[in-house]
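J.: Take a look at the following structure, please.
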2 protein chains.
Amino acid sequence: MSSPRRRGRPRADETVDRRAAILQAARRRFAVRGFAGTTVRAIAADAGVDPSLVAHYFGTKQQLLVASLELPVNPLEKLAGVVHDGVPGLGERLVRTFVSSWDPHREVIATLIRGAMAGDDAHPPILLVPRDVLIATLSEVIDGTDREVRAELIASQVVGLATLRYVVAVEPLASAPVDEVVRWYAPAIQSVADNPA
Amino acid sequence: MSSPRRRGRPRADETVDRRAAILQAARRRFAVRGFAGTTVRAIAADAGVDPSLVAHYFGTKQQLLVASLELPVNPLEKLAGVVHDGVPGLGERLVRTFVSSWDPHREVIATLIRGAMAGDDAHPPILLVPRDVLIATLSEVIDGTDREVRAELIASQVVGLATLRYVVAVEPLASAPVDEVVRWYAPAIQSVADNPA
């Protein structure tokens, strides 16, 4: 038995159009203003919709950013699993999760990194992911002094690994099994994440 | 008392022309064929000089690569100091040396990294530095299993640090004092460099 149509509920093709308009407005705003300089309200105004609809379709501003990038892997979902159990084991979970998620999409990752570096945007959207997703999430989990710098240094390690494994694609690293990368790189990340005595 | 002019010794302006021709030929060859695929003999032929003259002016093929890049900091000279005393303390020397050398040239470093990522060259010359200078030098110093992958993972950390500190220029990392970067990042690099039991 189908439920009765609710008053004011958009038809399916209206929903598609509205979602597309929001995503387009979001991409433009994030590229010009960055993450901190962009409000959901401004994106909604650009797209000609109510701000509540943006939250309804996409959730938080972070989730909207990630949706607007159309990534092959959702970094927010992956990160949620990585940080769920806190700092112990973080290095291993971070390396294993990202490398095994990225490996099937290595050309896409390489293209995204190249494009981010080459772009004329004031805030290349893909660079908002390390800053406003990865670093933001890590700095909530890490304890102790210099937690922001340390979250950024972990992001450095993640960006560097992606660059050498996928963009420069230097061997044997480019083809090394995930376990070998985890074995050597996870302790390096863990040493930055560990709570200092 | 001036020494007598040797037979066949080029005049000063000939020397300048020959050096310039060699550097131009080197840049082109390295960009198209990479480091391993380029010989000093081929560069000399392109420049119309004897191969011995290339060695006389520039030294090794690595030194020629570095000279052709016209970098604000000579990575071979810096690296020589970093690896001189082997693995103990390598992480600290590497981070401290590179960050303090690069910091005065942060715009140049950022431009070089952006250009390398954006370029159409098969082998962006600046990317030959991590691979054919940094990784090559580190893998001679590091002991133990997986030394090549480990040298590459250290290069990942160096490239990532340069990217986040100079290209993305995320704060507080971009402006953090060298000592603070060393404090947190040196142990991470050291953990990859240390000889496994």
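J.: Give the value in nm², to one decimal: projected area of the alpha carbon convex hull of region A:75-194, averaged over all directions. Display every interim value, and only then the final one.
T.: On the way: hull surface 28.3 nm².
Hull-based average projected area comes out at 7.1 nm².
J.: With the contact rule set at Cα under 8 Å and sequence spacing of 6 or more, what percent relative contact order holds for region B:12-63?
T.: Answer for region B:12-63 is 35 percent.
J.: I need the Kirkwood Rh of the protein assembly as shown: take the reciprocal of the average 1/r across all distinct C-alpha pairs and report it in angstrom.
T.: Every distinct Cα pair counted, the radius reaches 23.2 Å.
J.: In addition: About the Cα centre of region B:93-197, what is the dipole size in debye to 20, counting +1 per Lys and Arg Cβ and -1 per Asp and Glu Cβ, all else neutral? Spell out each step's value before the answer.
T.: Working: 9 positive and 14 negative charges, 42 e Å.
Approximately 200 debye in magnitude.
J.: Determine ³J(HN,Hα), in whole Hz, for all residues of region B:16-23 in sequence, where each value follows from phi through the Karplus function 6.51 cos²θ - 1.76 cosθ + 1.60 and θ = phi - 60°; x replaces Gly and Pro.
T.: Residue by residue, region B:16-23 yields 4, 4, 5, 4, 5, 5, 5, 5 Hz.
J.: Mind jotting down the distance between the C-alpha centroids of region A:167-186 and region B:92-114, whole Å?
T.: 24
J.: If you average the C-alpha positions of region A:9-68 and of region B:135-150 separately, how far apart do those two centres end up, in angstrom?
T.: Each part's Cα centre sits 48 Å from the other's.
J.: Tell me the relative contact order for chain B as a rounded percent, counting alpha carbon contacts under 8 Å between residues six or more apart.
T.: For chain B, the relative contact order is 24 percent.
J.: Ordered by residue, what ³J(HN,Hα) values in Hz, to whole numbers, does region A:165-176 give under the Karplus form 6.51 cos²θ - 1.76 cosθ + 1.60, where θ = phi - 60° and Gly and Pro are x?
T.: Rounded to whole hertz, the list is 7, 10, 8, 5, 6, 6, 8, x, 4, 4, 10, 5.
J.: On a 0 to 90 degree scale, rounded to 10, what angle separates helix B:178-193 from the longest Cα axis of chain B?
T.: 90
J.: For A:Ser156, B:Ser100, A:Ser139, give the ranking by accessible area with the largest first, probe 1.4 Å.
T.: Result of the area sort, largest leading: B:Ser100, A:Ser139, A:Ser156.
J.: Let me ask something else. Restricting to Cα pairs below 8 Å that are 6+ residues apart, what does the relative contact order work out to for region A:138-197? Please round to a whole percent.
T.: Averaging sequence separation for qualifying contacts and normalising by length gives 46 percent for region A:138-197.
J.: Give me the Debye-computed log₁₀ of I(q)/I(0) at q = 0.27, 0.32 Å⁻¹ for region B:12-63, equal point scatterers on Cα only, no solvent, two decimals.
T.: Log10 of I(q)/I(0), two decimals: -1.06, -1.40.
J.: Still on this structure: I'd like the Karplus ³J(HN,Hα) series for region A:137-146: coefficients 6.51, -1.76, 1.60, θ = phi - 60°, whole numbers in Hz, and an x wherever there's a Gly or Pro.
T.: 5, 5, 6, 7, 9, 6, 9, x, 5, 6
The values are calculated or read from the model by the stated rules, or taken from the named source; none is laboratory data. Keep in mind it's a predicted model, so treat the numbers as computed, not measured. Note that each Cβ is placed from the backbone with ideal geometry, even for glycine, and that neighbours are counted across all protein chains shown. Side chains are part of the model used for accessible areas, which takes the heavy atoms of the whole protein and leaves out ligands, DNA and RNA. Shrake-Rupley method; radii C 1.70, N 1.55, O 1.52, S 1.80 Å.
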